[in-house]
Each structure stands twice: as C-alpha cells, then as structure tokens.
Amino acid sequence: MAVQIQICVTPPCKRFGMEIRMSKKLLLINDMAGYGKVALSAMIPVLSHMKYEIFNLPTALVSNTLDYGKFDILETTDYMRNSIKVWDELGFAFDAIATGFIVSEEQAELIAEFCTKKADQGMLIFSDPIMGDDGKLYNGVTEKTVELMRKLISVSDYIVPNYTEAAYLSGIAYKTEGIDLQEVYEIIDNLRSQGAKSVVITSVLIRGAEKKAVVGYDKQEESYFKLDYEEIPVRFPGTGDIFSSVFMGGILEGKSLKDATGRAMDTVKAMIAQYQDSKDKYKGIPLEECLEMLDV
C-alpha cells in the first residue's frame, strides 16, 4: 500500500493562524564566569527571557566572581580571533553586538576592528566600556586600553559607561565630591564628538544632590535627560551586566532611550531589594529565581 506523506512548508511564524515575532540575533562579547551571575552568566538568561536569540564570544573564562579574592582567568584572544574568522567564512550575521569586559590591549584592538566592520554592515553596536570605578582604572587596564576603547565607542550606537569610565574616555577629570549637571553634559558632548551616538552615564553624583543619577543623551530625540535614584547600600557583582541587558532589550523593543534606561534602573533596584539579605552576595543575583521581574 502506498503511503502519502504531506510536508508542511508553511513558515513556523505563520502556522496555526498566529503571528510570532522573529527573534533578533544578539552577539554578546564579554567574559564568562564559572561560578557567579556576572557578565555572560547574567546577560544570557536575562536576554533569553526577553525572547532574543543569543550568541556569545567570551573574552575570558573566569573561575568565579572576583569578589571572592581568589580566582583564575583564562584569556581567550586566540580563540576569539579564530572564531571571528570562521564566522566570517560561514557568513554569520547578527542584528546587534554588545561588548563588555575586555582583558587586554590586543583584545581591545581585535574587538574594535570587528565592531567597526560590523557597524559598516549596519549592525547596532552597544558598548559597556568596563574599565574602572570610583575614579580609578581596574588592575591591568592601561591608558592604551582607554585609547582603544575610544576607537570602539566611536562606532557605537549606544554606550553605557559609569562616571569613572566616562571621565577617562572624555579626558575630563573625575571629581570625587560630585559634579555639576552641566559638566556631565560636557562629558556627554565630548563622547559624542568621538563618534558615540546615544550616551548613558551611570553612577553620577550630582553636586549638592541627595541622590545619585543616571544622565543620558538620546540621539533620536536630540535631548538630554536625568533620572535620579536611591542607592541601596548593598553590593552585588553583575548588576551592571543586568542593567546593560535590560537596557539593550528595551532599545531593541523600540523603547526610547530614557524609557529603556528607567526600566533597567527599576529592574536592578527591585532585584537588589529582594535579595539584599542574601548571605553570599559575591555570587551575584540568583537570576533563575527572579526573571519574572522582567515582565513588569
């Protein structure tokens, strides 16, 4: 008896009379921690929950979050270079690329060159120039790295430095006692003059203000904004990565820069508040338990 087989060729997004949004492809360039929710270990679950198709290119494999005081780091520059070559040969493409922690000057140069090429092809570039905090560069970050990071932000559509990183990138002195809002605008304008399009600066202490603020410039609306926040006196590693992920997801959903920033701030604050009494804060926010906060 002959058996007739019918093959369905209807695109998956049209089946069952339903329209399903095709996921945007995001490439995350950051380090991967084996123990702790930071960098890729934080960004992948957040952006996956937001229904994006996630790919990654680790800049380093890290045994655990650095807060524990003892750790091991395996730099992956050769692997990155070879992977990029293979991807180019295979014709892989992405809708957006996000960069984070960069281990060395050689790696910074490689990533800057890669993002420059992809920006020319129309891909959106998000950059979180992780280099320092509290007015100081992290160990191993040199002035040469800062210079290469300027090259990276020059092709970025969105950058989210903290105040320390923005000061180094702009060459405008960091002020421990706080800074006037107009001076923040000058830093933003300097970063824009280097090629950065939309800018969001976090952890800004405005002189005379009781609260810290996030200050930004939206290229599409051609306007500045300032969002104040109350700081919860608890440190969790990885909250900056969660902020960047929610921010990027919001932008790709079509939110304005201010709205995407506000959503990221609210999400991080809610997560910190919920877990501020955790005994082991060094491993970061237990994201598996609170991804539903992203749905608010």
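Normalised radius of gyration (Cα atoms, divided by 2.2 N^0.38 Å) for the range 120-208: 1.04.
The dipole here belongs to the range 89-237: it is taken about the Cα centre, uses +1 on the Cβ of Lys and Arg and -1 on the Cβ of Asp and Glu, and is about 60 debye. Remark on the range 163-273: hydrodynamic radius 14.4 angstrom, per the Kirkwood mean of 1/r across alpha carbon pairs. Calculated accessible area for the chain comes out at 51 Å² per residue, all protein chains present (probe 1.4 Å; ligands, DNA, RNA ignored). Dividing the summed helix terms, -39500 (n - 2.57) for each DSSP H run of n ≥ 4, by the number of residues in the chain produces a 222 nm estimate of -11500 deg cm²/dmol to the nearest 500. Set against the 2.2 N^0.38 Å expectation for a compact globular protein, the range 31-123 has a Cα radius of gyration ratio of 1.14. Give the carbon-plus-sulfur fraction of the accessible surface of the chain in %, rounded to a whole number; probe 1.4 Å, heavy atoms of protein chains only. Carbon with sulfur: 51 percent of the solvent-accessible area. The range 269-292 and the range 142-206 have Cα centres spaced 29 Å apart. Percentage of Cα-Cα pair distances in the range 58-190 greater than 25 Å, rounded to whole percent? Counting every Cα pair in the range 58-190, those more than 25 Å apart make up 31 percent.
Rounded, prolate or oblate: which fits the range 204-264, taking a ≥ b ≥ c as square roots of the Cα gyration tensor eigenvalues, rounded meaning a/c under 1.5, else prolate when a/b beats b/c? Could the numbers behind the result be given before it?
Numbers: a/c = 2.90, a/b = 1.21, b/c = 2.40.
Oblate, since a/c reaches 1.5 and b/c is not below a/b.
The value for the chain of Rg(Cα) / (2.2 N^0.38 Å) is 1.05.
The values are calculated or read from the model by the stated rules, or taken from the named source; none is laboratory data. Remember, it's a predicted structure, so these values are computed and weren't measured experimentally. Cβ coordinates were reconstructed from backbone atoms using ideal geometry, including for glycine residues, and neighbour counts include every protein chain displayed. Side chains are part of the model used for accessible areas, which takes the heavy atoms of the whole protein and leaves out ligands, DNA and RNA. Shrake-Rupley method; radii C 1.70, N 1.55, O 1.52, S 1.80 Å.
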